[in-house]
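Below you'll find the structure, written out as structure tokens, and then a few comments.
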Amino acid sequence: MTFSDLEGDILSPKELAGIRKRCALHGKYEQAVSMYADTDMPVCRIAEECQVSVGGLKNYLCRYWRELVLRRNHIEVDSQDPYSIKIIEAGKQSRVAHRKYQEAVTACDSMEYIEYNVSQVARRFNLDGSALGNFMRVHYPDILVRREQVRVRLGLNEPGWHGARPKSMEQYAEATELYRTTDMSVPEVAEACGISEGGFSQHLRFYHKDVLKQKRERRQSAQVEEKKSRGALLGNGRKYAPSADTEQKYAEALALYKDTALTMKEIVNRTGVSAEGFRFYLHKWHKELVLERSGVTGDSTEKIDLRKARCRMKTVAVKYEKAIESLRQHPRPVSRVAVEFGFQPETFRNYLHKYEPELVQVGKRGNKLEK
């Protein structure tokens with residue numbers, strides 16, 4: 001079946017455009033999907049060889065080839081919906097990491113390996129000592145504490161500092177408090193405090209699990225909120241607001257839309273942005289400007305059908321402004337004014353009837369004066 005077979009009454013132009021876009025997307029990643037399914041190459045190498053972005057490929061695989069992603073991570077699907085299975089859940093260990101470290105964690109909790117430190121246990125299971133220690137600090141801190149107490153009683157404890165260092169606690173104190181009391185994300189807090197994002201994230205996972213739990217609960221409550229105001233917290237930890245790149249992209253077009261009477265077509269032609277993208281940006285983040293330009297009064301958070309509610313649009317008002325003023329200063333037939341300013345007479349007359357009814361009478365007096 002070709003696209004021409006789908007045309008006509010079966011699908012609308014918008015639906016056909018969506019299908020074409022989806023087919024182009026599948027074609028773009030076809031080679032990458034084959035390599036992902038038939039090899040063990042990392043996603044970053046596949047993306048590099050296929051000349052696609054790593055993030056785009058990951059999103060595409062998770063959305064359209066979820067079963068391949070689960071198979072790559074050795075997760076059984078059985079009769080479950082593959083899209084209902086999460087590889088990593090917030091605050092929990094991933095299935096892959098659990099399978100990787102399970103034996104070593106069990107060994108650390110056993111008296112059989114009590115004479116070895118965590119790094120030595122890790123080497124016995126062909127693991128990295130720091131990686132195993134970090135994994136246990138996040139998911140099994142009680143085992144580390146219990147193990148250390150037993151080793152102290154047996155005289156096997158080693159010299160050195162254990163736990164969070166005072167200098168580290170002091171270094172991240174301000175950032176931790178900021179993260180706890182605001183809706184800022186870890187990268188935002190790290191940038192504001194001038195600290196390492198990775199170091200701060202690790203510090204929270206090791207020593208402030210209560211703060212992370214509190215943040216997760218706030219995100220979960222945000223997920224069930226139907227109406228979200230701009231700047232509110234979302235379930236993924238981000239704020240309900242356009243990104244800085246998006247704001248910068250449409251800044252010039254937004255200024256023209258706000259301060260001039262240029263049409264949408266003129267604005268996008270002048271700024272070079274996509275008409276569809278700019279229209280979506282306006283309706284999502286600047287609905288009050290859309291309503292103002294359409295002459296509609298009301299709450300911008302409510303659903304309003306602009307085709308029915310539209311009143312005197314700003315662009316149309318500016319278009320007829322000079323002609324209306326001319327008619328007001330020098331009464332004459334409406335049709336003559338329309339021709340002088342290059343308008344369609346009947347359309348101009350309908351506009352006057354709707355918004356300037358007193359000028360219709362002026363036009364009629366102009367007709368009488370001519371006669």
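Looking at (1) part of a loop (DSSP other than H, G, I, E, B); (2) touching a residue at least 12 places away in the same chain (Cβ under 8 Å); (3) acidic (Asp, Glu), which is the only condition GLU252 fails?
(1)
With respect to SER229, is the statement that it is in a loop (DSSP other than H, G, I, E, B), polar (S, T, N, Q) and more than 16 Å from THR176 (Cβ to Cβ) true?
Against the criterion (in a loop (DSSP other than H, G, I, E, B), polar (S, T, N, Q) and more than 16 Å from THR176 (Cβ to Cβ)), SER229 qualifies.
Within the range 192-202, is there a residue that is open to solvent by 30 Å² or more (accessible area, probe 1.4 Å), touching a helix residue (DSSP H, G or I) at 6+ places or on another chain (Cβ under 8 Å) and within 22 Å of LEU144 (Cβ to Cβ)?
Scanning the range 192-202 turns up at least one residue that is open to solvent by 30 Å² or more (accessible area, probe 1.4 Å), touching a helix residue (DSSP H, G or I) at 6+ places or on another chain (Cβ under 8 Å) and within 22 Å of LEU144 (Cβ to Cβ).
Sort out which residues of the range 60-76 are within 25 Å of the chain's Cα centre (by Cα) and surrounded by 12 or more Cβ atoms within 10 Å (Cβ to Cβ), and write them in order of number.
TYR60, LEU61, CYS62, TYR64, TRP65, ARG66, GLU67, LEU68, VAL69, LEU70
Which condition number does ARG180 fail, the rest of (1) under 19 Å from ASN134 (Cβ atoms); (2) outside any loop (DSSP other than H, G, I, E, B); (3) more than 21 Å from the chain's Cα centre (by Cα) being met?
Only one criterion in (1) under 19 Å from ASN134 (Cβ atoms); (2) outside any loop (DSSP other than H, G, I, E, B); (3) more than 21 Å from the chain's Cα centre (by Cα) is unmet by ARG180, namely (1).
Can you confirm whether GLN171 is open to solvent by 60 Å² or more (accessible area, probe 1.4 Å) and at pLDDT below 85?
No, not satisfied.
Which of the residues that make up the range 263-304 are modelled with pLDDT of 85 or more, among the polar types (S, T, N, Q) and not in a helix (DSSP H, G or I)?
Scanning the range 263-304 gives a single hit, SER274.
Can you run down the residue pairs with Cβ atoms below 9 Å, 6 or more apart or on separate chains, where the first is in the range 113-125 and open to solvent by less than 50 Å² (accessible area, probe 1.4 Å) and the partner is among the hydrophobic types (A, V, I, L, M, F, W, C) and in a loop (DSSP other than H, G, I, E, B)?
Matching pairs, first to second residue: ILE114/LEU154; ILE114/LEU156; ASN117/LEU156; VAL121/LEU127.
Does ARG307 qualify as being modelled with pLDDT under 85, among the charged types (D, E, K, R) and in a helix (DSSP H, G or I)?
When the stated conditions are applied, ARG307 passes them.
In this structure, is ASP9 farther than 23 Å from LYS86 by Cα, at pLDDT below 90 and not in a helix (DSSP H, G or I)?
yes
So if I check each of ALA222, ALA190, ALA173, which one is without any contact (Cβ under 8 Å) to a residue 24 or more places away in the chain, outside any loop (DSSP other than H, G, I, E, B) and in contact with a Phe, Trp or Tyr (Cβ under 7 Å, 6 or more places away or on another chain)?
Unique residue meeting the criteria: ALA190.
What are the pairs with Cβ atoms under 9 angstrom where one residue, in the range 259-270, is without any contact (Cβ under 8 Å) to a residue 40 or more places away in the chain and open to solvent by 30 Å² or more (accessible area, probe 1.4 Å) and the other, located anywhere, is of a type outside the set (Ser, Thr, Tyr) and not in a helix (DSSP H, G or I)? Sequence gap at least six, or different chains.
ARG270/LEU262
The values are calculated or read from the model by the stated rules, or taken from the named source; none is laboratory data. What you are looking at is a predicted structure, and each value in this text was computed from that prediction instead of being measured. For neighbour counting, all protein chains shown are included, and Cβ atoms are generated from backbone atoms with ideal geometry for every residue, glycine included. The protein model used for the area step is the full one, side chains on, heavy atoms only, and it has no ligands, DNA or RNA in it. Shrake-Rupley method; radii C 1.70, N 1.55, O 1.52, S 1.80 Å.
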